[in-house]
Amino acid sequence: MDSIFKHQQVFSDINDDETGELIQLISTDEENSMREEELPDELPILPIRNTVLFPGVVIPITVGRQKSIKLVKKAYKGDRIIGVVAQSNSKVEDPGKDDIYSIGTVARILKMIVLPDGNTTIIIQGKQKFEVKEIVQEDPFLVSTYQELDDEELDPKLKSNKAVIQSLKDAASKILKLNPEIPQEAQVALDNIENPNFLTHFLSSNINSEVADKQKLLEKTNAKERATLLLEFMLKDIQMLELKNEIHKKVHTDIDQQQRDYFLRQQIRVLQDELGQDSPDQELDNLRLKAQEKNWPENVQKHFDKEIDKLSRINPQAAEYPVAMNYVELLLELPWRELTKDNFDLKRAKKILDRDHYGLEKVKERIIEYLAVLKLKQDMKAPILCLYGPPGVGKTSLGKSISDALGRKYVRMSLGGVHDEAEIRGHRKTYVGAMPGKIVQNMKKAGKSNPVYILDEIDKVNSDFRGDPSSALLEVLDPEQNETFQDNYLEVEYDLSNVLFIATANSLDTIHPALRDRMEIIEVTGYTLEEKVEIAKKHLIPKQKKEHGLKAKDVTFSRKAIAKIIEDYTRESGVRGLERTIGKVVRNIAKSIAMEEEFNSKIEIEDVIRILGAEAFEKEIYQDNETAGLVTGLAWTSVGGEILFIESSLSRGKGKLTLSGQLGDVMKESAMTALSYLRSHAEELGIHHKVFDHYDLHIHVPAGAVPKDGPSAGIAMITSLASIFTQRKVKSRLAMTGEITLRGKVLPIGGLKEKILAARRAGIKDVILCQRNKKDIDEIDSRYIKGLNIHFVDQVDEVLEIALLKEKIKNPIDFVIPEDDNKKTVSATII
């Protein structure tokens, strides 16, 4: 009933003349409104969404769908007769026969108004019930055959009918009194209705019920049954209004002048009580029930009980209530002793590791060892592994493969740029906006207490005035301490000993020494050319095809083309840049397919050059020469090994030493150490001691724009100086790496695998290394050192014996040394 005047705004949008006409139409008595008219054989059907039209009732309808607009405009120009049927599913935009009810009302369009917002509104009056028989037209709007339905008249002379009619009027009057939103004028309109049938139709149209309920009333042909069902709906409406008023009264009596701010909250509480929803006390009881199902330590259970009791004493409207609630919910959601069962099928684990990563044999072996021990012992503190190596070699993605092999959950946390200790340990609950640290947050996300936990970029943790996250990680990554990890927010100890932590780092130098001591360092070196080719074939190319929408047969790469991309368009230890470069080639093919252009389905070297252009990098290749003082060294870089050249030259002067090529302090010291050793052993090498005082020495390492430093250029420096001062050239296709002391000892160096690979790529045949590096060479796969003749030495004189040829270069320097006494000069070639 509270919808009797719901169309008032629509009527107000009509001008005064139209309003007068409309009032006259609406006020037409029931008998005139339902008079017989000659109806057409077929009816255009207007589906409506949110209401039902009853015979004799006048309602406005806003028409928005194109089909409906076409129907209304055509009907308004003609006989204005249409069939109005309610939709069974209001969400359907283009309803057909299955989406509308079969019973509707024949209506006459009284008025059509185009509103200022562009919508079209029609005023219609119901005439006669009808039943849809067959849809004969669907476009531009529905048209159907139909059958008229007659309503049984409700005889007001019968006592039973009279009682029903009076009950309907009494119920309508009661609704008007209970609902203050309905104007009192509605009672006058109700009193003026004398026709019983129109009364039921009028009330049916205006009750506060669903469309389906109103449709039931429309479909009732028995007048008494329809009136009885209508009375049932109206009594439900009265009960809802009485309950609503009762709730309002309850709320009003609980609130005084000082509590007006709580009005809405109190109303919600009363509504929850009436609807049987959980109250705050019941919510706490539910939390206690969940706690009984948790398998957690006894001290955590006691702490939870204490917190839940404290929460029960806090007013739910208080500001600290949600903070305390969030805390106890975190305790419940954290996994305490929920463990994932490990998969001990070692052969399966090895297959997964080999499937996802080519190479990395050391890492795979270490994981299999861990699984084997865990399988035998069934109880083992998880080790803290640190995968150390250059970018793009698969350190992070290896963690995902390990979690798949073990059957554990996978969690990753990036430590790059973390500079606040609270991000690891969390904030204390006394702070506004306090939350647990990322360690605990990710454990909650994992849902199990033994995940594989990746600590990515651990070497890039920063420290500032907010604390030192590296120190906060000491407890996390100590197998002896992490079973009692303390998070500032959590307040109780949390066991991390079952977690398999795997840290990744590009450099060990920036890792806190104490933190590095707690981890097992596993070096993940760069890939060889052969390994990169296999990785590209098995992983990168299929992945790029899938990402760019290509099928496997659309394009293939030859091994030579892949090798060309690796050698001339990427310079890295890993394969990240290689993947991007392959992506460029695949995108070019995708463009050709999309534009229906011709292309080569098998990529060769020529196609690589055409698509990618000129080579991005020019690799250093050994250049044989007849020049003294030129030596080939081996260097390690973050993107793999390289060869470098060390050049020395002499000029008349006063013994000045010049170093160039952006050398770091360590390489400068190596140069001075080499010169000092040469001075002290000049006689053994056949060098006149006065040459050092009368000739300036210049040592240069080419590629001056690239900074160079490191403790591995010592023997290359001494060989270069010995070559220039003795004018003996260095052996062809020879490279060396190692540090020296003033006593002439050769010291070991690192990065041997990358350096050996660089030597092979450059066409080197002989390599000089320290004797103590032999153990490192033994660990390198034999295929990497195939074709290399490696010389192991302990002393500098062994280096010079191997590196310097006996014969002098062509056109050697004629050293000119002035005599001390009479200032005369002598010319001599010192050998």
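The values are calculated or read from the model by the stated rules, or taken from the named source; none is laboratory data. What you see is a predicted model, and the numbers here were worked out from it, not measured in a lab. For neighbour counting, all protein chains shown are included, and Cβ atoms are generated from backbone atoms with ideal geometry for every residue, glycine included.
Select from region 103-120 the residues that are at pLDDT 90 or above and of a type in the set (S, T, N, Q) and list them in ascending order.
Within region 103-120, 105 is the sole residue that qualifies.
Return the only residue of 786, 755 being in contact with a Gly (Cβ under 9 Å, 6 or more places away or on another chain), among the basic types (Lys, Arg) and modelled with pLDDT under 90.
Exactly one residue qualifies, and that residue is 755.
Evaluate region 147-154: report whether one residue or more is over 29 Å from residue 242 (Cβ atoms) and not acidic (Asp, Glu).
Checking region 147-154: at least one residue is over 29 Å from residue 242 (Cβ atoms) and not acidic (Asp, Glu).
With (1) over 22 Å from residue 462 (Cα atoms); (2) in a strand (DSSP E or B) as the list, and residue 413 as the residue in question, which single condition is left unmet?
Among (1) over 22 Å from residue 462 (Cα atoms); (2) in a strand (DSSP E or B), the lone unmet condition for residue 413 is (1).
Conditions: (1) at pLDDT below 90; (2) touching a His at 6+ places or on another chain (Cβ under 9 Å); (3) crowded, with 17+ Cβ neighbours inside 10 Å. Residue 708 meets all but one. Number of the miss?
Unmet condition: (2).
If residue 766 meets every condition in (1) among the acidic types (Asp, Glu); (2) more than 16 Å from residue 645 (Cα to Cα); (3) touching a residue at least 24 places away in the same chain (Cβ under 8 Å) apart from one, which number is that one?
(2)
Does residue 204 qualify as being outside any loop (DSSP other than H, G, I, E, B) and either crowded, with 18+ Cβ neighbours inside 10 Å or touching an Asp or Glu at 6+ places or on another chain (Cβ under 7 Å) (or both)?
yes
I'm told residue 618 meets every condition in (1) modelled with pLDDT under 85; (2) assigned to a helix (DSSP H, G or I); (3) among the charged types (D, E, K, R) except one. Can you identify the failing condition by its number?
(2)
What are the pairs, 6+ residues apart or on separate chains, where a residue within region 112-138 that is closer than 13 Å to residue 69 by Cβ and without any contact (Cβ under 8 Å) to a residue 60 or more places away in the chain has its Cβ under 7 Å from a residue that is of a type in the set (A, V, I, L, M) and surrounded by 17 or more Cβ atoms within 10 Å (Cβ to Cβ)?
Listed pairs, sorted by first residue: 112/72; 112/122; 120/63; 120/72; 120/112.
Here are some residues: 190, 178. Which one is free of Cβ contacts under 8 Å to residues at least 40 places away in the same chain, surrounded by 12 or more Cβ atoms within 10 Å (Cβ to Cβ) and within 28 Å of residue 239 (Cβ to Cβ)?
190
Of the residues that sit in region 630-673 and are in a helix (DSSP H, G or I) and of a type in the set (Gly, Ala, Ser), which one is surrounded by the most Cβ atoms within 10 Å (Cβ to Cβ)?
Across region 630-673, the extreme among qualifying residues is 670.
Of the conditions (1) crowded, with 17+ Cβ neighbours inside 10 Å; (2) within 28 Å of the chain's Cα centre (by Cα), residue 528 clears all except one; give me its number.
All conditions pass for residue 528, except number (2).
Of all residues in region 683-705, how many are surrounded by 16 or more Cβ atoms within 10 Å (Cβ to Cβ) and in contact (Cβ under 8 Å) with a residue 40 or more places away in the chain?
The qualifying residues number 12.
Of the residues in region 313-331, how many are closer than 28 Å to residue 447 by Cβ and either among the aromatic types (Phe, Trp, Tyr) or more than 33 Å from the chain's Cα centre (by Cα) (or both)?
Number of matching residues: 2.
Looking at residue 676, is it part of a helix (DSSP H, G or I), out of contact with any helix residue (DSSP H, G or I) (no Cβ under 9 Å at 6 or more places or on another chain) and surrounded by fewer than 19 Cβ atoms within 10 Å (Cβ to Cβ)?
For residue 676, the condition - part of a helix (DSSP H, G or I), out of contact with any helix residue (DSSP H, G or I) (no Cβ under 9 Å at 6 or more places or on another chain) and surrounded by fewer than 19 Cβ atoms within 10 Å (Cβ to Cβ) - is met.
Of all residues in region 314-336 being at pLDDT 85 or above and outside any helix (DSSP H, G or I), which is nearest to residue 431 (Cα to Cα)?
334
Mind checking which residues of region 679-689 are farther than 16 Å from residue 798 by Cα and either in contact with an Asp or Glu (Cβ under 9 Å, 6 or more places away or on another chain) or not assigned by TED's automatic domain parsing to the domain that holds residue 717 (or both)?
Result: 689, single match.
Look at residue 471 and say whether it is surrounded by fewer than 17 Cβ atoms within 10 Å (Cβ to Cβ), in a helix (DSSP H, G or I) and touching a residue at least 40 places away in the same chain (Cβ under 8 Å).
So residue 471 passes the test.
Out of 412, 428, which single residue is surrounded by fewer than 20 Cβ atoms within 10 Å (Cβ to Cβ), out of contact with any His (no Cβ under 7 Å at 6 or more places or on another chain), within 30 Å of residue 320 (Cα to Cα) and among the charged types (D, E, K, R)? Give the derivation first.
Numbers: 412 fails: within 30 Å of residue 320 (Cα to Cα).
Criteria check complete, one pass: 428.
What are the residues in region 742-784 that are in a loop (DSSP other than H, G, I, E, B), under 41 Å from the mean Cα position of the chain (by Cα) and more than 15 Å from residue 713 (Cβ to Cβ), if any?
Within region 742-784, 780, 781 qualify.
Any chance region 494-509 includes a residue that's farther than 29 Å from residue 360 by Cβ and either in contact with a helix residue (DSSP H, G or I) (Cβ under 8 Å, 6 or more places away or on another chain) or β-branched (Val, Ile, Thr) (or both)?
Within region 494-509, one or more residues are farther than 29 Å from residue 360 by Cβ and either in contact with a helix residue (DSSP H, G or I) (Cβ under 8 Å, 6 or more places away or on another chain) or β-branched (Val, Ile, Thr) (or both).
Pull out all pairs, ordered by first then second residue, where Cβ-Cβ is under 9 Å, the residues are six or more apart or on different chains, the first lies in region 546-574 and is assigned by TED's automatic domain parsing to the domain that holds residue 608 and more than 21 Å from residue 599 (Cα to Cα), and the second is of a type in the set (S, T, N, Q) and assigned to a helix (DSSP H, G or I).
566/581; 569/581; 570/581
Filter region 534-568 down to residues that are within 26 Å of residue 507 (Cα to Cα) and of a type in the set (Val, Ile, Thr) and give me whichever is surrounded by the most Cβ atoms within 10 Å (Cβ to Cβ).
Going through the qualifying residues, I end up with 566.
Residues 431, 370: which one is at pLDDT below 85 and part of a helix (DSSP H, G or I)?
Of the residues listed, the single one that is at pLDDT below 85 and part of a helix (DSSP H, G or I) is 370.
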